[in-house]
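The values are calculated or read from the model by the stated rules, or taken from the named source; none is laboratory data. Model, not experiment: these values are computed from the prediction. Ideal geometry is used to build each Cβ from the backbone, glycine not excepted, and the neighbour counts take in all protein chains shown.
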Amino acid sequence: MTSRPPLLQNGPLAPALEAALAAEFDVQRLADQADPQGFLAQHGARFTGLATSAPAGASAALLAALPGLRVISSHGVGLDKIDLAVAAQRGIQVGYTPEVLNDCVADLAMALLLDVARGTSAADRFVRRGAWPTAKFPLARKVTGQRLGILGLGRIGRAIAQRATGFEMQIRYTNRKPVAGVPWKFEPALVELARWADTLVVIAAGGASTHHLVNAEVLDALGPNGFLVNVARGSVVDQAALVQALQTGRIAGAGLDVYADEPHVPPELMALDNVVLLPHIASATRETRQAMEALTVANLRAFYATGQVQASALA
Ligand code: NAP
Ligand code: 8YV
């Protein structure tokens, strides 16, 4: 009988995923250890696999404590918390969960765009606080035909653009390089994209190269009639500049699923009626999470069978 591969779990995972991993692998959860550092010092060398998630990641320090590591499988598509350079240098395979979550993240980006432009969450609060008998809810903004700027026309960005086409939106995007074969105009300068757009959707990868890309200058270019939607990572937006722009009306509103220091959301944002605040739920549907969990396991299963993960972040 083949022994089950020794797997370290970093951070919490959904119960169904933890059960699926425990059924196939010899799993130890780092969070269960009274002295995690002592545990790693004593036992770190035995683990050939690491199960983690986009938020928990795999830091250089953790990887250094796992000298026998050969594979990482992350639940999520964001790689900003995984030290990919160390993994690549050591020949550690990195599996993740791209594609399977595109639809739900794109759907939620459109939900935030519609909500912040039409004020649906604010209108719900208006009715629930009994204001309708004595006040009129203010006019909102039309979505159909809007100018939509997309920061990050990748897998999910393209899914957002396809949905926006259904709303007859004019679409432009920016990346570090143009995307071949798409019908939308590439704008090399983010600040010019923001100046053109009615709504700027942020769906670029997190990490050092996108840190605070959306800064005060970009927000000023978006302007007092502009909306910001962020479903990428909080780190892509200068959150202090965003709060200031919203408080002073330098932009019209924002729809946010991600923040600088999750799960902590600044009270200044909570106080604003022109901001929609979601708790990082863009991929959080039963269907998509089941698909992500299945791919997280499949990456490990494939690696131990063939030496290759199914969906490689290092391809
Ligand atoms: P992807 O296909 O890799 O797309 C990432 C996009 O970001 C690419 O178009 C890339 O284009 C662009 N980009 C990267 N660095 C950039 C830079 N410095 N400046 C401008 N553009 C840059 O990834 P995806 O599957 O669409 O996912 C995108 C991100 O969404 C993930 O990394 C994750 O952080 C986030 N996400 C959030 C949720 C949520 O629950 N809110 C769920 C899933 C994903 P270039 O390489 O040409 O620059
Ligand atoms: C969740 C995400 O954070 O996939 C990502 O990068 O941000 C979201 O899907 C992830 O699913 C948590 O495990």
**Message:** Just checking, does region 168-176 include any residue being outside the structural domain of residue 297 (by TED's automatic domain parsing), in a loop (DSSP other than H, G, I, E, B), surrounded by 14 or more Cβ atoms within 10 Å (Cβ to Cβ) and of a type in the set (S, T, N, Q)?
**Reply:** yes
**Prompt:** Which residues, counting only those in region 39-85, are in contact (Cβ under 8 Å) with a residue 24 or more places away in the chain, hydrophobic (A, V, I, L, M, F, W, C), surrounded by fewer than 23 Cβ atoms within 10 Å (Cβ to Cβ) and part of a helix (DSSP H, G or I)?
**Reply:** 40, 41, 60, 63, 84
**Request:** Can you confirm whether region 9-32 contains a residue that is buried (at least 20 other Cβ atoms within 10 Å of the Cβ), among the small types (Gly, Ala, Ser) and within 16 Å of ligand 1 (Cβ to nearest atom)?
**Result:** no
**Prompt:** In region 263-306, what residues are of a type in the set (Asp, Glu) and either within 14 Å of ligand 1 (Cβ to nearest atom) or over 21 Å from residue 253 (Cβ atoms) (or both)?
**Reply:** 287, 293
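Test residue 157 against the criterion of being within 16 Å of ligand 2 (Cβ to nearest atom) and free of Cβ contacts under 8 Å to residues at least 60 places away in the same chain, and give yes or no.
Judged against the criteria, residue 157 is a match.
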**Asked** Looking at residue 294, is it surrounded by fewer than 19 Cβ atoms within 10 Å (Cβ to Cβ), more than 16 Å from ligand 2 (Cβ to nearest atom) and part of a helix (DSSP H, G or I)?
**Response** no
**Fill in**
With criteria (1) under 19 Å from residue 313 (Cβ atoms); (2) in contact (Cβ under 8 Å) with a residue 12 or more places away in the chain, residue 118 comes up short on (1)
**Request:** Count, please, the residues in region 91-112 that happen to be over 16 Å from the mean Cα position of the chain (by Cα) and crowded, with 21+ Cβ neighbours inside 10 Å.
**Result:** 4
